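Trainee: First the structure, which I've put down as C-alpha cells, then a few questions once you've had a look.
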Amino acid sequence: MNNETTAAVTAESLTAAAPERSSWLKVLLTSLQASLIVAVVILAFTWPTKTMEAKNLPVSIAGPEVTVSQFEQSLKDQGIETFDLKQASSREEAEQQIKQRETYGAIIFTEGAAPEVLTAPAANTAATQMLNGVATQLNAQIQQKALAAKTEALTQAVQTGGEQGAQAAAQLEQMKVQAEQASAMAVKTTAVVPLSENDSSGTGLAIAAFPLVMGGTIGGMLSLTLINGTWRRFATATLYSVIAGALTALILSTWFGFIPGDFATLWAAFAATYLATASFMIGMGALLVPSAGLGLSAVVTMFIGNPISGASMPSVFLPGAWGQIGQMLVPGASSTLLRSIAYFPEVATSDQWLVLGSWIAFGLLAGVIGWALKERRTATVEA
C-alpha cells in the first residue's frame, strides 16, 4: 500500500512538473506573430530604399547669368529633377554654402575657363557620386564641341579650293588649335570638405550608425533586466553611457581614425546618444512594464528611426516629411551631430543636442511618473 501510494504521489508530482503542451491554436498564432515581426523588420529596412528618389538635392550654382540659365534650362528639357539649384554670387559664396551644410556641392561656371564642380564627400558619398557624374557629363559636352569644331573646319577645307582653300587651311589649323585647347579644358572636381584619410570611402560613419543604436538599446536592456529600482536603473544607464561613450570615441576616432574631431566633444556625443535611447527605454519600462519599454524602444529607434536617419543617403531623398521626422529621432540626430563635429565645425549643432537632450528628459519624466504611480499603489495596498 505504501509503495502504491508512493508511486501515485511520484506520478502525480511528475505530471504536475511537466509543462502543459501548447494547443495547436497557440502554435498557429505564435507562427503568425513571428512572421509579422519579420515582415515589419524587412519592411523597415527596405521601404526607405524602395521609395527613395534621387531628386531635390540642394546644390549651389554660380557663374554668368546666361550660362547658368542655359544649364538650368537643359536640366528642365531633359526632365532631370535631381538637383535643387541654389544661386551663389561667386565661387567663395558657393563654397561657404557647402561648409554651412546648406548645399551638398556646387557647379561653377567661369567665363573663358572650364566649369568646376565642388563636392563635399564628408557630407554624403552618394551626393558626391552624383556631382562627379555631372563633371563627367560636362567633360563630354566640351569634347563634343571640340570635335564638332574640328569636323566643321575639315569640311570647309575640303570644299574650298584655290586662295580660299589656303585661307581655309590656315583657319583649319587655327581651329585645330582651338579644338585641342577646348579638349584640354577638362572640368576640375575639387573636394571642399574631404573625408578623413583613414575613411576615404565614408564607410566609417555609416558603420557606426547601427552600433550606436544597438549600444543604447543594450544599455537600457541590461539596466532594466539586471537592476532593480527605477533610479538605480537610470544611474546604471548614465554610468554605462559615459564609459561606453569614451570607449567608442577611442575606437572610432583615436584608434581607427574613422571619425575625426575633438575627442571630448565626440565622447559627449556618443554618451548622449547611448543615454537618450537607454533613458527612453527605462522610462517607458517604469511607466508601463519593463517588457513594454524594451519593445517600444526597439520599434522607435531601430525599426523606425534607423532607416530614416539619413546616415547613408541624404534625408531630402525620403518622401514627404519622413526626412524631418528622422532628424527628430535619436539615430538621425546623432548621425547628423557626429558628421558635423567631424567635418563641419562651423555648423551649429544645437538642434541635434536639443533632440538628444529631449529624449533623455522624456525618459526621466516617464520614469518619475512611473515611480510615483508605483509608490502610490504601494501606499494604497499598505493602507
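Trainee: For the stretch 107-127, name all the residues that are crowded, with 16+ Cβ neighbours inside 10 Å and either in the same structural domain as residue 346 (by TED's automatic domain parsing) or free of Cβ contacts under 8 Å to residues at least 60 places away in the same chain (or both).
Mentor: 107, 108, 109
Trainee: Return a yes/no flag: does the stretch 340-357 have any residue that is polar (S, T, N, Q) and more than 30 Å from residue 256 (Cβ to Cβ).
Mentor: Looking for residues that are polar (S, T, N, Q) and more than 30 Å from residue 256 (Cβ to Cβ), one finds none in the stretch 340-357, hence no.
Conditions tested, residue by residue: (1) surrounded by 13 or more Cβ atoms within 10 Å (Cβ to Cβ); (2) of a type in the set (Phe, Trp, Tyr); (3) over 20 Å from residue 241 (Cα atoms); (4) out of contact with any His (no Cβ under 8 Å at 6 or more places or on another chain).
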residue	(1), (2), (3), (4)
301	yes, no, no, yes
306	yes, no, no, yes
313	yes, no, yes, yes
318	yes, no, yes, yes
356	yes, no, no, yes
362	yes, yes, no, yes
374	yes, no, yes, yes
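Trainee: A further question on this structure: Taking the stretch 85-107 as the region of interest, how many residues are more than 23 Å from the chain's Cα centre (by Cα) and under 12 Å from residue 131 (Cα atoms)?
Mentor: 1
Trainee: Return only the number of the condition from (1) modelled with pLDDT under 90; (2) under 24 Å from residue 199 (Cα atoms); (3) touching a strand residue (DSSP E or B) at 6+ places or on another chain (Cβ under 8 Å) that residue 125 does not satisfy.
Mentor: Answer for residue 125: the failing condition is (3).
Trainee: Right, next: Out of the helices (runs of 4 or more DSSP H) lying entirely within the stretch 292-383, which hold 1 or more residues that are in contact (Cβ under 8 Å) with a residue 60 or more places away in the chain, charged (D, E, K, R) and under 29 Å from residue 96 (Cβ atoms)?
Mentor: 330-343
Trainee: While we're here: Would you mind stating whether residue 326 is assigned by TED's automatic domain parsing to the domain that holds residue 212, buried (at least 19 other Cβ atoms within 10 Å of the Cβ) and out of contact with any Phe, Trp or Tyr (no Cβ under 9 Å at 6 or more places or on another chain)?
Mentor: Criteria met by residue 326.
The values are calculated or read from the model by the stated rules, or taken from the named source; none is laboratory data. Since the model is a prediction, treat every value here as computed from it, not as a measurement. Virtual Cβ from ideal backbone geometry, glycine too; neighbours counted across all protein chains shown.
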